[in-house]
Amino acid sequence: MIQSYDLYMPVHLVFGRGRIAELPKLIAGYGKKVLLTYGGGSVKRIGLYDKVKALLAAEGCTVFELSGIEPNPKIESVRAGVEICKKEGIDFILAIGGGSTLDCSKAIALGAKYDGDPWDLVIHRDRVKGHLPVFDVLTLAATGSDYDGGGVITNDATNEKRAVGVCFPVASILDPEYTFTVPASQTAAGSADIISHTFEQYFVSEGAMLSDGFCESMLRTVMKYAPIAIKDPTNFEARGELLAASSFGCCRLLAVGREAGAWPCHGIEHELSAWYDITHGVGLAIITPAWMRYCLKNNPAVVAPKFAQYGVNVLGLNPADGAAVNAEKAIEKTAEFFRSIGITQTLKDFGIDETHFDEMADHAMTTWFAGRPPYTFAPLGREGILEILKASL
């Protein structure tokens with residue numbers, strides 16, 4: 001039976017070819033001092049940087065810049081951005097690039113309205129008192145940060161990668177052509193991230209027919225178009241479908257009427273990328289099959305029918321084979337899909353061993369799973385986290 005829910009999605013999504021031309025209309029009334037944030041040189045190589053600078057100049061904006069934002073954005077970049085905002089009296093932030101740049105920009109926007117260190121806002125959500133307006137032009141299909149209020153920030157000094165929020169963008173511009181030059185490896189990692197976002201909300205004990213359909217459509221879309229985009233990177237249809245799908249991964253639409261999930265794969269992967277700086281989507285693709293096998297072993301009565309449903313409705317398995325068989329097949333086909341798009345690594349390939357697994361498990365249980373329902377699909381505690389990590393080596 002469908003459950004009670006709240007859904008709040010205040011972001012203006014602006015999707016389509018050439019929609020960057022509408023940036024002046026979107027930022028009108030938000031001030032003239034802008035902090036432009038981006039990562040490496042890709043936004044300059046594709047011409048987005050010059051286009052944005054020209055549009056802002058035409059509107060009489062004074063532009064300050066923060067570049068070099070990392071793929072797993074660091075608290076140091078947040079602090080640097082906050083310093084600029086406070087010193088220059090920034091009116092709004094414009095992030096151009098992928099989800100990491102946007103996550104960092106959200107944290108900067110929050111920190112600009114706070115008197116203390118911005119890491120405080122990661123640890124103490126109750127200290128958030130507001131944020132600067134944030135706009136973005138997205139160049140990667142992955143995180144869904146363009147349509148949600150959260151972000152993820154890494155603190156290397158404490159080996160922590162944790163969520164920050166709440167800061168919804170005012171508007172997000174999504175032009176698939178700006179994703180044409182994304183390398184195959186990043187396209188694969190981004191696609192794995194979208195799939196994981198969907199799994200985390202789909203695989204719960206109590207679902208709903210409506211949002212089951214949302215989740216299954218998301219999965220079919222990504223699994224169809226990711227290989228096409230990798231093979232033919234300028235295929236507008238494939239890039240567009242992936243970019244559109246990515247927006248809905250974290251906006252809570254997929255969780256409508258469902259039991260709340262604990263997002264266990266994300267909780268475990270955040271520990272890995274905090275310690276080893278592994279690409280988030282790659283880490284998720286490695287962990288997910290191990291997590292699925294763990295769940296099937298520990299709660300088959302609930303897990304097997306759900307995995308079998310996924311196998312039939314998304315992967316095209318034969319329902320006549322039964323839940324037990326199709327659950328096993330669904331896990332293997334999921335692992336096969338990740339391998340087919342080029343994610344063939346194990347944790348060992350990144351120099352990861354068991355050295356810090358105990359610390360990771362302890363930290364995950366006291367932070368990520370604190371206040372979350374860790375048992376919504378299969379019993380998962382400290383020992384379960386360790387079992388999944390070891391199975392991913």
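Give me, ordered by chain and number, the residues 5 or more places off Lys33 or on other chains with an amide H under 5 Å from its own placed amide H.
Thr62, Asp91, Phe92
Keeping all protein chains in place and using 1.4 angstrom, which order do His12, His356 fall into by accessible surface area, from largest down? List each step's numbers first, then the result.
On the way: His12 95, His356 45 Å².
Most to least solvent-accessible, the answer reads His12, His356.
Just order 218-226, 263-271 by mean Cβ neighbour count inside 10 Å, highest at the front, would you? Show your work: numbers first, answer last.
On the way: 218-226: 20.9, 263-271: 24.7.
Averaged packing, sorted descending, gives the order 263-271, 218-226.
Using a/c under 1.5 as the rounded threshold, could you call the stretch 44-92 rounded, prolate or oblate? The axes a ≥ b ≥ c are square roots of the C-alpha gyration tensor eigenvalues, and prolate needs a/b larger than b/c, oblate otherwise. Mind showing how you got there, number by number?
Details: a/c = 3.80, a/b = 1.25, b/c = 3.05.
Cα axes put the stretch 44-92 in the oblate bin.
With a 1.4 Å probe and all protein chains left in place, how much accessible area per residue does the chain have, in Å²?
Values: 15410 Å² over 393 residues.
Spelled out: the 1.4 Å probe surface of the chain, per residue, equals 39 Å².
What is the set of long-range amide H partners of Val137 at a cut-off below 5 Å, with H atoms built 1.01 Å from backbone N?
Ala95, Ile96, Gly97, Ile173
Counting only DSSP beta bridges with both residues in the chain, tell me the antiparallel percent, nearest 5. If you can, show how the numbers build up before the last one.
Working: 5 of 28 bridges.
Roughly 20 percent of the DSSP beta bridges within the chain come out antiparallel.
Sort largest first and round to whole Å: the equivalent ellipsoid semi-axes of the stretch 58-165, each the square root of five times a Cα gyration tensor eigenvalue. Don't skip to the end; give the middle numbers.
Values: eigenvalues 77, 58, 32 Å².
For the stretch 58-165, the ellipsoid semi-axes come out as 20, 17, 13 Å.
Any chance you could check the Cα centroid distance between the stretch 235-284 and the stretch 61-127 for me, in angstrom?
The stretch 235-284 and the stretch 61-127 have Cα centres separated by 22 Å.
State, as an integer percentage, the relative contact order of the chain based on alpha-carbon contacts under 8 Å between residues 6 or more apart.
Numbers: 762 pairs, mean separation 62.8, N = 393.
Rounded, it is 16 percent for the chain.
What is the extension gain from Asp156 to Ala301, computed as 0.36 nm multiplied by their sequence separation minus the C-alpha to C-alpha distance, in nm to one decimal? Let's see the in-between values first.
Values: separation 145, 0.36 × 145 = 52.20 nm, distance 4.08 nm.
Full extension from Asp156 to Ala301 adds 48.1 nm.
With θ set to phi - 60° and the Karplus curve 6.51 cos²θ - 1.76 cosθ + 1.60, what are the ³J(HN,Hα) couplings of the stretch 123-138 in order, to the nearest whole Hz, using x for Gly and Pro?
In residue order, the calculated couplings are 7, 10, 4, 5, 8, 5, 10, x, 7, 5, x, 10, 10, 8, 10, 8 Hz.
Based on the alpha-carbon gyration tensor of the stretch 301-363 and its eigenvalue square roots a ≥ b ≥ c, which shape applies: rounded if a/c is under 1.5, prolate if not and a/b is larger than b/c, or oblate?
Judged from the Cα gyration tensor, the stretch 301-363 comes out oblate (a/c at least 1.5, b/c at or above a/b).
Determine ³J(HN,Hα), in whole Hz, for all residues of the stretch 299-309 in sequence, where each value follows from phi through the Karplus function 6.51 cos²θ - 1.76 cosθ + 1.60 and θ = phi - 60°; x replaces Gly and Pro.
8, x, 4, 8, 6, 4, x, 6, 4, 5, 4
Taking the chain as a Gaussian network, Cα atoms linked when under 10 Å apart, which of Asp115, Asp358, Asp91 shows the biggest mean-square fluctuation?
Maximum among the listed residues: Asp115.
What residues from the stretch 1-43 fall in the zone where the backbone N is under 15 Å from a label point 7 Å along the Cα-to-C-beta line of Glu259?
Taking a point 7 Å out along Cα→Cβ of Glu259, the residues of the stretch 1-43 whose backbone N falls under 15 Å are 1-4.
According to a simple spin-label model (label point 7 Å from Cα along Cα-to-Cβ), what is the distance in nm between Glu76 and Thr344?
That separation, rounded to one decimal, is 3.5 nm.
What does the net charge come to around Pro169 if you take all other residues with beta carbon closer than 14 Å to its beta carbon, with K and R at +1 and D and E at -1? Display every interim value, and only then the final one.
On the way: positive: Lys106; negative: Asp103, Asp136, Asp146, Asp148.
So the environment of Pro169 carries a net charge of -3.
Kindly write out, for the stretch 78-94 in residue order, the coupling ³J(HN,Hα) from the Karplus curve 6.51 cos²θ - 1.76 cosθ + 1.60 (θ = phi - 60°), rounded to whole Hz, with x marking Gly and Pro.
4, 4, 5, x, 4, 4, 4, 4, 6, 5, 9, x, 4, 8, 7, 10, 10
Compute the Cα gyration tensor for the stretch 121-265, then decide on rounded, prolate or oblate, letting a ≥ b ≥ c be the square roots of its eigenvalues: rounded whenever a/c is under 1.5, prolate when a/b is larger than b/c in the other cases, and oblate in all that remain. Each step should come with its number before you reach the end.
Values: a/c = 1.73, a/b = 1.22, b/c = 1.42.
Taking the square roots of the gyration eigenvalues as a ≥ b ≥ c, the stretch 121-265 is oblate.
What is the sum of charges, Lys and Arg at +1 and Asp and Glu at -1, for the other residues whose Cβ falls under 13 Å from the Cβ of Gly213? If you can, show how the numbers build up before the last one.
Working: positive: Arg220, Arg258; negative: Asp212, Glu216.
Surrounding charge for Gly213 is 0.
Could you identify which residue out of Asp353, Asp148, Asp136 has the top mean-square fluctuation in a GNM of the chain using Cα springs shorter than 10 Å?
Asp353
Determine which lysines satisfy two conditions relative to Lys86: a Cα distance under 18 Å, and not lying fewer than 8 residues away in the same chain.
Hits, sequence-local ones excluded: Lys32, Lys33, Lys106, Lys113, Lys129.
What do you get for the angle between helix 382-391 and the principal long axis of the chain? Use alpha-carbon atoms, 0 to 90 degrees, nearest ten.
Approximately 90 degrees, to the nearest 10.
If you wrap the stretch 182-295's Cα atoms in a convex hull and average its projection over all directions, what's the area in nm²? Walk me through the numbers on the way to the answer.
On the way: hull surface 28.5 nm².
Hull-based average projected area comes out at 7.1 nm².
Restricting to DSSP H runs of at least four residues, report the calculated mean residue ellipticity at 222 nm for the chain, -39500 (n - 2.57) per run over all residues, nearest 500 deg cm²/dmol.
Values: 15 runs with 190 residues, N = 393.
Here the helix-only value at 222 nm equals -15000 deg cm²/dmol.
Under a point spin-label approximation (7 Å from Cα along Cα-to-Cβ), what is the Asp117-Tyr276 distance to one decimal in nm?
Here the answer is 2.8 nm between the modelled labels.
Which value results when the Cα radius of gyration for the chain is divided by 2.2 N^0.38 Å?
Working: Rg = 20.5 Å, N = 393, 2.2 N^0.38 = 21.3 Å.
The chain yields a ratio of 0.96.
If I take R0 = 45 Å and measure r between the Cβ atoms of Glu83 and Val325 in this structure, what FRET efficiency does the formula 1/(1 + (r/R0)^6) give, to the nearest 0.05? Walk me through the numbers before you get to the answer.
Working: r = 58 Å, r/R0 = 1.29.
Efficiency, from the Cβ-Cβ distance: 0.20.
Can you work out the FRET efficiency for the pair Leu210 and Val166, with r the C-beta to C-beta distance and R0 = 22 Å, to the nearest 0.05?
Efficiency for this residue pair is about 0.30.
What number comes out for the charge environment of Ala157, summing +1 per Lys or Arg and -1 per Asp or Glu over other residues with Cβ under 11 Å away?
Numbers: positive: Lys74; negative: Glu76, Asp156, Glu160.
Net charge around Ala157: -2.
Would you pull out the residues with amide H under 5 Å of Phe15's amide H, same chain only if 5 or more places away, H placed 1.01 Å from N?
Correct list: Leu174.
Could you calculate the contour length gain from Ile228 to Asp126, that is, 0.36 nm times the residue separation minus the distance between their Cα atoms, to one decimal place in nm?
On the way: separation 102, 0.36 × 102 = 36.72 nm, distance 4.39 nm.
Length gained between Ile228 and Asp126: 32.3 nm.
The values are calculated or read from the model by the stated rules, or taken from the named source; none is laboratory data. A quick note: this is a predicted structure, and the numbers were derived from the prediction, not measured. Note that each Cβ is placed from the backbone with ideal geometry, even for glycine, and that neighbours are counted across all protein chains shown. When the accessible area is computed, the model is the full protein with side chains, heavy atoms only, and any ligands, DNA or RNA have been set aside. Shrake-Rupley method; radii C 1.70, N 1.55, O 1.52, S 1.80 Å.
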